[in-house]
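A quick write-up on the structure given underneath.
The values are calculated or read from the model by the stated rules, or taken from the named source; none is laboratory data. As the structure is a prediction and not an experimental result, all values here were calculated from the model. Glycine gets a Cβ as well: all are built from the backbone with ideal geometry, and neighbour counts include every protein chain shown. Calculation scope for accessible area: heavy atoms of the full protein, side chains included, ligands and nucleic acids excluded. Shrake-Rupley method; radii C 1.70, N 1.55, O 1.52, S 1.80 Å.
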Amino acid sequence: MDFFGVHSAQEAFTLLKSGIDKQILILGPIFKEQFAMLNPARVHLTCSTIELIEELKKNGFSFPLHLKVETGTHRQGFPPEKIEKILKKIRNYGLPLVGLSTHFANIEDTIDHSYAKNQLNKYLEVKEIVEKFVGKLQYYHTACSAAILLFPETHFNLVRAGISLYGYWPSREVKLSFKIKYGEEGPTLKPVLSWKTYVTEVKNVKKGEYIGYGCTYKTTRHSKIAVLPIGYYDGYDRKLSNKGIVLIKGQRAPVVGRICMNLIMVDVTDIRNVKVGDLAYLIGEEGKENVSADALADLAQTINYEILSRISPYIPRITV
């Protein structure tokens, strides 16, 4: 069975309202006040606290549960030594346990995967305990995008694809690890997302003038500056100030001055006939040029996950 994996109850509720008929697995925490907004026939919960079990029983709700075991990330999950106690409580309360999961802590930022393998071994030990106690479950899942790409033994019968759904490798280390392990470059992941906006203003600025807050950029020639209605509020990182690149008419236009809350300025002096209404690519490919989330992440000294996940939900999404 396919699932939509979401973080929150609100995301699950949005999917339910959309009419999508697939099962939904909430991977993040959920609060008792949110139980009533969800459909137990469609929504599964990640169970990683005793409080969730108690609140489900107390409030009379019975969602399918995916028990999360702590194997070394120390974020969500029950420690292995408490699993039997938790299983007894779930059984005594009559709650449906359908899955067992964990999450890898150190699989993306290294080519030494001994820690991840140790986590997998702990998971397998807990899996054996669970199956002795309640029998075989419907779903077993440990694999993030990196594990999907590198370690087939982590796939079981459900995987949690994340960054790879966008068409990006989780990290350079993962790509290198694939080459080391399999002797080849690996699958071709093609980015599926383009982020576009429009030029809203074009102005001529004399040599020696400052652009934007803090006077961090000074023109070295008579320049043509285009203004775009995107800023750090929208998810365009402020650290891209005087670093970022935008594509206009298939050519690279450098970001000049500080990123504002809702606006950025780019130098289009060398691009002919730029006018209000012209399309601008913040992420994507136009002509022979490309600006990727990886490239922006390098410029902002962060990771591609952050560049992609911080794009404001208020920006319209268009499926093509």
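Within the range 37-68, how many residues turn out to be within 16 Å of L87 (Cα to Cα) and among the basic types (K, R)?
2
Can you list the helices (runs of 4 or more DSSP H) lying wholly within the range 1-99 that have 2 or more residues being among the acidic types (D, E)? Quick ask: steps written out before the conclusion?
Details: elements: 9-18, 50-59, 83-92.
Ranges flagged: 50-59.
Starting from the range 242-269, keep only residues that are free of Cβ contacts under 8 Å to residues at least 40 places away in the same chain and farther than 24 Å from G208 by Cβ, then list their pairs with residues that are outside any strand (DSSP E or B) and β-branched (V, I, T) whose Cβ atoms are within a distance under 7 Å, requiring at least 6 positions of separation or different chains.
Listed pairs, sorted by first residue: K249/I271; K249/V274; Q251/I271.
Got a number for residues in the range 214-241 being in contact with a Gly (Cβ under 7 Å, 6 or more places away or on another chain) and either charged (D, E, K, R) or open to solvent by 50 Å² or more (accessible area, probe 1.4 Å) (or both)?
3
Do any residues in the range 1-24 that are basic (K, R) have Cβ atoms under 7 Å from those of residues that are open to solvent by less than 80 Å² (accessible area, probe 1.4 Å), where the two are at least six apart or on different chains, and which pairs are they?
From residues that are basic (K, R), the pairs are K22/F3; K22/F4.
Under the condition of being touching a Gly at 6+ places or on another chain (Cβ under 8 Å) and either closer than 14 Å to H113 by Cβ or of a type in the set (K, R) (or both), which residue from the range 141-169 is surrounded by the most Cβ atoms within 10 Å (Cβ to Cβ)?
L149
Has the range 299-308 got at least one residue that is charged (D, E, K, R) and under 20 Å from the mean Cα position of the chain (by Cα)?
Yes, the range 299-308 has at least one match.
Scan the range 279-305 for residues that are open to solvent by less than 60 Å² (accessible area, probe 1.4 Å), outside any helix (DSSP H, G or I) and closer than 17 Å to L189 by Cα and jot them down.
Within the range 279-305, I283, G284, V291, S292 qualify.
Would you point out which residue out of V246, V255, V291, V268 is of a type outside the set (D, E) and farther than 28 Å from R172 by Cβ?
The unique qualifying residue is V268.
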